[in-house]
Amino acid sequence: MTRLAIAGATGLVGRKMLETIDRKEIPFDELVLFSSARSAGQQVEFQGQTYIVRELTEDAAKESFDYVLMSAGGSTSEHYSPIFEEAGAIVIDNSSQWRMAEGIDLIVPEVNEPKLDRKIIANPNCSTIQSVVPLKPLQETYGLKRVAYTTYQAVSGSGVKGKADLAEGANGKAPEAYPHPIYNNVLPHIDSFLEDGYTKEEQKMIDETRKILNADDLKVTATCVRVPVQDSHSVHMSVTLEKEATVEAIQALFENDDRVVLIDNPQNNEYPLAIHSTNKDEIFVGRIRRDDSLDNTFHVWCTSDNLLKGAALNAVQILEQVMSLKGVK
Ligand SMILES: NC(=O)c1ccc[n+]([C@@H]2O[C@H](COP(=O)([O-])OP(=O)(O)OC[C@H]3O[C@@H](n4cnc5c(N)ncnc54)[C@H](OP(=O)(O)O)[C@@H]3O)[C@@H](O)[C@H]2O)c1
């Protein structure tokens, strides 16, 4: 008897998780949907059944679940994930709360596997997930020396409130999710600022890239930018490799690797685009060029749906990975 719960089932990511569980035919006997008191009582239709969303409480978290997909923000996860864990559940958490903690696995199934010292597994930052997948074959084949990221992140990365700021900003409404209008604007600011001038989002990309790729000495830098795009993040990477490479060899590497999809025909205006990535599971790469300003360095452009591979899909893939390690799926 497998008991599965989604905490934050009424959110943007939670709803994508439900769709993905259905598409991937994740096996379960009982499914419980949690939200805050605000949405408790809402009805959700799923696989021909009506589910009533329940308020997440300490007593509810002590019920014995096998698997919990947490998608309800950092402070909710900080409080409830250990309660679910203590009661025996494997918790896959979408927030940044646990990602860098000792003993917590930070997982992208195409790249690494959980050790399960703790039963809380962290789902990485959205831009980091789509970036480490193409970085992995480069690391395996050439070794990595340095990665410099610039991101172009969609408003759905800020949940329901981010989408509302873009939509309502077009009608002149003042922003609520962001410190400045996102409509007709570009914000070089995601999450709060740290003392050194970087943002937390940038620091997450730096730290999480090293942890997932198991490369403590990798030089990484990041500039994270919010753009007025509904869905799908775009990331530019300038990647310095250990061993000599060529543009053609990197294109061939990506072409033959089923973890990414190469679209690199600039003469025909063909390259990865946010609008083509939305509602797709794949990570798209292209615009492979030499960065002549540094030795053995290459530009890579990468797009992916932040709500799918950047959040819900990666979480469900971790669930599949754990189920398969336990012989369930
Ligand atoms: N959006 C993305 O691209 C993205 C990517 C990676 C990770 N994430 C992470 O995923 C999580 C969810 O993000 P989202 O974009 O789906 O946000 P969202 O649309 O604002 O949804 C938040 C969800 O959390 C629930 N929630 C809030 N406080 C709660 C509490 N105290 N107890 C139980 N449930 C509570 C909300 O329930 P109510 O309906 O009752 O408010 C709602 O279901 C966050 O941790 C976020 O950082 C998001």
Degrees, to the nearest 10: 12-23 long Cα axis against longest axis of the chain: 90
Helix 200-212 axis, angle to the chain major axis (alpha carbon atoms, nearest 10°): 90
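Just to be sure I understand: of the beta bridges DSSP finds with both ends in the chain, what percent are antiparallel, rounded to 5? It would help to have the intermediate numbers written out before the result.
Values: 28 of 58 bridges.
Once the DSSP bridges in the chain are tallied, antiparallel ones form about 50 percent.
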Loop only by DSSP, 15 or fewer other Cβ within 10 Å of the Cβ. Give me the trypsin sites (Lys or Arg not before Pro) in segment 117-184 that pass, ordered by residue number. Lys173
Computed over the chain: longest principal axis from alpha-carbon atoms vs helix 313-325 long axis, angle to nearest 10 degrees, is 70
Name the long-range amide H neighbours of Met70: under 5 Å, sequence gap of 5 or more, or other chain; modelled H, no Pro or chain starts. Ala7, Ile92, Asp93, Asn94
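Do any GluC sites (Glu not before Pro) in segment 23-109 lie in a loop, going by DSSP, with at most 16 other beta-carbon atoms within 10 Å of their beta carbon, and if so which? Each step should come with its number before you reach the end.
Details: sites: Glu25, Glu30, Glu45, Glu55, Glu58, Glu63, Glu78, Glu85, Glu86, Glu102; in loops: Glu25, Glu63, Glu102.
Listed in order of number, the matching sites are Glu25, Glu63, Glu102.
Order the peptides 178-189, 201-212 from the highest to the lowest mean number of other Cβ atoms within 10 Å of their residues. Working shown, then result.
Working: 178-189: 14.8, 201-212: 21.9.
Per-residue Cβ counts within 10 Å, averaged per peptide and sorted highest first, yield 201-212, 178-189.
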Cβ-based charge dipole, the chain, positive-most Cα from Ser71, Ala245, Ser232: Ser232
Report, in whole Å, the centroid distance computed from the Cα atoms of segment 10-48 and segment 265-329. 25
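Can you order the peptides 302-310, 31-39 by their average number of other Cβ atoms within 10 Å per residue, highest first?
Details: 302-310: 27.8, 31-39: 18.4.
Those peptides, ordered most packed to least, come out 302-310, 31-39.
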Work from the charge dipole of segment 126-203 (Cβ charges, +1 for Lys and Arg, -1 for Asp and Glu, about the Cα centre) and give the residue of His180, Thr199, Ala154 farthest towards its positive end. Ala154
Can you work out the PRE-style zone for Thr141? Point 7 Å along Cα to Cβ, and I want the residues of segment 236-259 with backbone N under 11 Å. 245-258
Prolate/oblate/rounded label for segment 180-329 (Cα gyration tensor, a/c 1.5): rounded
So what is the relative contact order for segment 127-306, in percent, with contacts set as C-alpha pairs under 8 Å and at least six apart? 28
About its Cα centre, what dipole magnitude does the chain give when the only charges are +1 on Lys and Arg Cβ and -1 on Asp and Glu Cβ, stated in debye to the nearest 20? 380
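Bear in mind these aren't lab numbers, they're just calculated from the coordinates by the rules spelled out. Remember, predicted model here, so these are calculated numbers, not experimental data. Cβ sites come from the backbone with ideal geometry, for glycine too, and all protein chains shown count toward neighbours.
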